[in-house]
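Heads up: the structure comes next, in C-alpha cells.
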Amino acid sequence: MGKNKYGKQYKGKGQNLKGSSRSQGAIIKGGKMKASHILVEKFSKAQQIYEDIQSGTDFEQLARENSNCPSKKRGGNLGDFGKNDMVPEFWSATAKLNIGEISQPVKSKYGYHIIKRTG
C-alpha cells in the first residue's frame, strides 16, 4: 500500500485499504461492527490484562473487574457501532481484527483499550 504526498494511503494494484499487512480483519457489514473492550488509564495495567487474557483468563470477567467504562457491567460489550460512534484509534484497531481476535493495548484520549472483535 502506498501513500501520496499528503501521507494518505491509496489503493495500489491488488491491495485493500481496509486491512493492514498483518491482517485484513473481518468484513464490516452495513458500516457497523461489534466489539467488547476493557478501558484502563495506564499502559502497564492494560499490558498486564492483555497478558492475563493470553494466559486464559476470561475477557468478560477481566472487563467487569478492571474496566473504567460503563460497559463493564456487560463484560465490556459495546454492541453495534459505526465509524462515527468511536474515536478513530478505536475504530481502526477494531477494523483490523478478525472476529474473536483480541488487540494489544490501543491508546486513545480515554486511556488504553483492549478490544475483542465480536462481529
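Which of the following residues is over 15 Å from residue 117 (Cα atoms) and part of a loop (DSSP other than H, G, I, E, B): 68, 98, 84?
Only one candidate passes the filter, namely 68.
Restricting attention to region 18-45, which residues are under 16 Å from residue 97 (Cβ atoms) and at pLDDT 95 or above?
Correct list: 32, 33, 34, 35, 36, 37, 38.
With 39, 78, 97 as the choices, which residue is in contact with a Cys (Cβ under 6 Å, 6 or more places away or on another chain) and open to solvent by less than 50 Å² (accessible area, probe 1.4 Å)?
39
Please specify each residue of region 70-119 satisfying the condition of being within 13 Å of the chain's Cα centre (by Cα), within 15 Å of residue 59 (Cβ to Cβ) and among the small types (Gly, Ala, Ser).
The answer is 76, 100, 103, 119.
When region 102-119 is examined, which residues are found to be in contact with a Gly (Cβ under 8 Å, 6 or more places away or on another chain) and either open to solvent by 30 Å² or more (accessible area, probe 1.4 Å) or among the hydrophobic types (A, V, I, L, M, F, W, C) (or both)?
Passing the criteria: 116, 118.
Report yes if residue 84 is touching a residue at least 24 places away in the same chain (Cβ under 8 Å), open to solvent by 50 Å² or more (accessible area, probe 1.4 Å) and out of contact with any Leu (no Cβ under 6 Å at 6 or more places or on another chain), otherwise no.
no
The values are calculated or read from the model by the stated rules, or taken from the named source; none is laboratory data. What you are looking at is a predicted structure, and each value in this text was computed from that prediction instead of being measured. Note that each Cβ is placed from the backbone with ideal geometry, even for glycine, and that neighbours are counted across all protein chains shown. Note: areas computed on protein heavy atoms with side chains; ligands, DNA, RNA excluded. Shrake-Rupley method; radii C 1.70, N 1.55, O 1.52, S 1.80 Å.
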